[in-house]
Amino acid sequence: MANLNATVPLPSNLIPDFASPEWMNKADNAWQLTAATLVGMQSVPGLLILYGGAVKKKWAVNSAFMVLYAFACVLVCWVGWGYQMSFGDKLFPLWGKANVALDQKYFFQKAFLGMIPNATMVYFQFVFAAITLILIAGALLGRMNFYAWMLFVPLWLTFSYTVVAFSIWSTNGYFSVNGIIDYSGGYVIHLSSGVAGFTAAYWVGPRLNKDRERFPPNNILLMLAGAGLLWLGWTGFNGGDPYVVSMDASLAVLNTHICTASSLLTWLVLDIVFFGKPSVIGAVQGMITGLKWKILQKVDDTMAVLHTHAVAGTLGGLLTGLFAEPKLNFLFYGHYNEYMGLFYGFQMGKVREGFRQMGWQIYGIVFVVVLNIIMTSLVCIVVRLIVPLRMSEEDLEIGDEAAHGEEAYAIWGQGEKEANANNHKYGGGHIEMA
């Protein structure tokens, strides 16, 4: 029988060196970088082209540019102070100390979770912070002053996102140490963006009446391409959160895609039953979430961010309080019977633990909702002291040309505007695109 205690030489590619210290797992690091890039592609180009295709033609450039700006701005703020405020040393139980995450020594140290370096963790957490702001943008499309958006992004990231991220995701955060479960951002990303987007939409005000009444997508195929990137990107979104290449990651990926497909097919069937036709736009909406309530339309939430993300995030948090499975939570948290849904508490004779879990899930929901209403309102109030939150009525009539001096489908020939080309071709007659 072989001696199990005998030393087995490692393959040369697994031998630790200065670039790959003993504490780092090369496979985990490679997957984490890949997962982060998949999540990043959900935003750029995913949501960029989904928003750009889903809005009226006159808002295509503005909508896409809001996404691109937010992605870039969040990254600069993230390494400047945001990451450390979200995952660094504790300032308060709900907030971390502001500090840079830019020096080589820090980047090469072991991250707070997993067997990966800080450089990888900073990148991974950045793409989650970025998509949160980009989801908020979905509620504001078609009327927010771009200069106001430029100020809103860093302010909201600093005073809202970092607080929720630290308190719920940091190992030192108040809700984290008390056992709340937010596996992949149901609270930090979806509930936050939904409530913040709806609140900001209230402060910015509605689109023009004619835009609210008729806001057809300018490019359904482009919208589908964005939706596809969003779908496949969820592989990294949920598969990357265990911070390890494990069965937990595999199960998260498979469950994610089953849920997405089931939601899309459910909406498709409902479209056929109620409207007699399978709708592409409805299928995309169903892929992302569930049903739209009429009561939520009182505030002009362009992409229905509140019900798409806040309602879904709330429901996920509550159902976690009911169905959190001890074995799976052990795989993720490393503590057996500490994280337990109420139904498993009844089944296993640990009712107190089950009620405790449900209590913290509800407490977390209330905290995120209240914080985001207050902080988003304050950010909007501060921003409007500097620049108007909403574009002027005249600019709202025009759209991209007024906001950026550019149009999505206006290039003709060697850079001429289409209208000019048509004037030459048809003797000055004006032809308007649908």
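The values are calculated or read from the model by the stated rules, or taken from the named source; none is laboratory data. Small disclaimer: the values here were computed from a predicted structure and weren't measured. Every residue, glycine among them, receives a Cβ derived from its backbone with ideal geometry; neighbour counts consider all protein chains shown. Heavy atoms of the whole protein, side chains included, go into the accessibility calculation; ligands, DNA and RNA do not. Shrake-Rupley method; radii C 1.70, N 1.55, O 1.52, S 1.80 Å.
Sort HIS404, HIS309, HIS335 from largest to smallest accessible area, using a 1.4 Å probe on the heavy atoms of the protein chains.
Ranked list, largest accessible area first: HIS335, HIS404, HIS309.
Non-local amide H neighbours of LEU91 (under 5 Å, H modeled in plane, Pro and chain starts lacking H): which ones?
GLY96, LYS97
Counting only protein chains, not ligands or nucleic acids, how are CYS259, CYS380, CYS73 ordered by accessible area (probe 1.4 Å), most first?
If we order CYS259, CYS380, CYS73 from most to least accessible, we get CYS259, CYS73, CYS380.
Alpha carbon centre of the range 9-59 versus the range 213-266: separation in Å?
16
Roughly how many Å² of MET375 are accessible to a 1.4 Å probe, to the nearest 10?
Accessible surface of MET375 is approximately 40 Å².
Can you send over the carbon and sulfur percentage of the accessible area for the chain, probe radius 1.4 Å, protein chains only?
The C+S portion of the solvent-accessible surface of the chain is 66 percent.
Taking only complete DSSP H runs, can you tell me which helices of the chain stretch 18 Å or more along their own long axis by Cα positions and average at least -1.0 on the Kyte-Doolittle scale?
Sorted by number, the helices that extend far enough and score high enough are 26-41, 60-77, 118-138, 220-239, 247-275, 351-386.
So, for the chain, what is the accessible surface per residue at a probe of 1.4 Å, expressed in square angstrom?
Value for the chain: 48 Å² per residue.
Taking the alpha-carbon centroid of each part, what is the distance from the range 293-334 to the range 370-394 in angstrom?
A separation of 26 Å, based on Cα centres.
If the only charges are +1 at each Lys and Arg Cβ and -1 at each Asp and Glu Cβ, what is the size of the charge dipole of the range 24-404 around the Cα centre, to the nearest 20 debye?
So the dipole magnitude of the range 24-404 works out to roughly 300 debye.
Please list 179-190, 313-324, 127-138 highest first by mean number of surrounding beta-carbon atoms within 10 Å per residue.
In descending order of packing, they fall as 127-138, 179-190, 313-324.
Work out from phi, with θ = phi - 60° and the Karplus expression 6.51 cos²θ - 1.76 cosθ + 1.60, the ³J(HN,Hα) of each residue of the range 49-55, listed in order in whole Hz, and give x for Gly and Pro.
7, 5, 5, x, x, 7, 8
Normalised by the number of residues in the chain, what is the relative contact order in percent for Cα pairs under 8 Å and 6+ residues apart?
Across the chain, relative contact order equals 21 percent.
Please list, in chain and number order, the residues 5+ apart from VAL244 or on another chain whose amide H is under 5 Å from its amide H, with Hs placed from the backbone.
none
Which Rg and Dmax, in Å, describe the Cα atoms of the range 38-175?
When restricted to the Cα atoms of the range 38-175, Rg and Dmax are 15.8, 48 Å.
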